[in-house]
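A short write-up of the structure that comes next.
Rule-based calculations on the coordinates, nothing more; no lab input. Treat the numbers as computed from the prediction; the structure is a model and nothing was measured. Cβ coordinates were reconstructed from backbone atoms using ideal geometry, including for glycine residues, and neighbour counts include every protein chain displayed.
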Amino acid sequence: MQFQTFDEAYLRRLRDGDSQVEQHFASYFGELIQLKLRRRVRTRQLLEDIQQETLCRVLKTVRDPSGVRDARKLGAFVSAVCNNVMAELSRSENRYEPAERDFDEQAGAGQDPDALLINEQRQRQVKKILNKLDERDRRLLRAVFLEELTSAEVCRRFDVQPDYLRVLIFRAKARFRQEFVREAGSGA
């Protein structure tokens, strides 16, 4: 990753909603946030939540007339906002953790004995449907949902832009759904 410095023109274009600058901003700082948090955050979902919330807050502040004034400090500002968001979301996630653990321990004894069998059947069904899809759709769905790669990692792997990735995922999910309905209808 190559670090960049930012000038007033970049900040002005970001403030004015220039789509190319916004895309660069999200891509550049999204990757930095992921690098910063990958060892500090327990789940990929929390990491993505922190990333999205950080970028939203920074954009909101940049667009406020009394917001960021010195473009050279944009990176430090993003980092500080990221630290605050991480603390807030981690705190709120941990607030409920002990209760969930207690509940899981109590519910463990009365767990549904058929649940394991049903889960295995669903896994086999998903694998069967995935194998019916074309190679690209299969690889894409596995990367996104089974390997839980970030959007940036999937974009690099498939050599596509983030906006087009959403289209590819939508189409692959639609094809998966069609196969699922076809399987359910045939009783196979």
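Stretching the chain fully between Cys56 and Glu88 yields a gain of 10.0 nm (0.36 nm per residue, less the alpha carbon separation). With the simple spin-label model, which puts each label point 7 Å out from Cα in the Cβ direction, the Glu183 to Arg72 separation comes to 5.8 nm. Each listed q (0.16 Å⁻¹) maps to a log10 I(q)/I(0) for the chain, found by the Debye formula over equal Cα scatterers with no solvent: -1.10.
Computed from the alpha carbon atoms alone, the convex hull of the stretch 113-186 holds 88 Å³ per residue.
In whole percents, the pair-distance distribution calculated for the stretch 14-92 from its alpha-carbon pairs, binned every 5 Å from zero, is 3, 15, 28, 26, 15, 9, 4, 0.
With both labels modelled 7 Å from their Cα along Cα-to-Cβ, the Leu149 to Asp7 distance reads 3.6 nm. With contributions of -39500 (n - 2.57) from each DSSP H run of at least four residues, the per-residue ellipticity at 222 nm computed over the chain stands at -24000 deg cm²/dmol. Of all the options Leu116, Leu14, Leu32, the one that moves most in a Gaussian network model of the chain with Cα springs shorter than 10 angstrom is Leu116.
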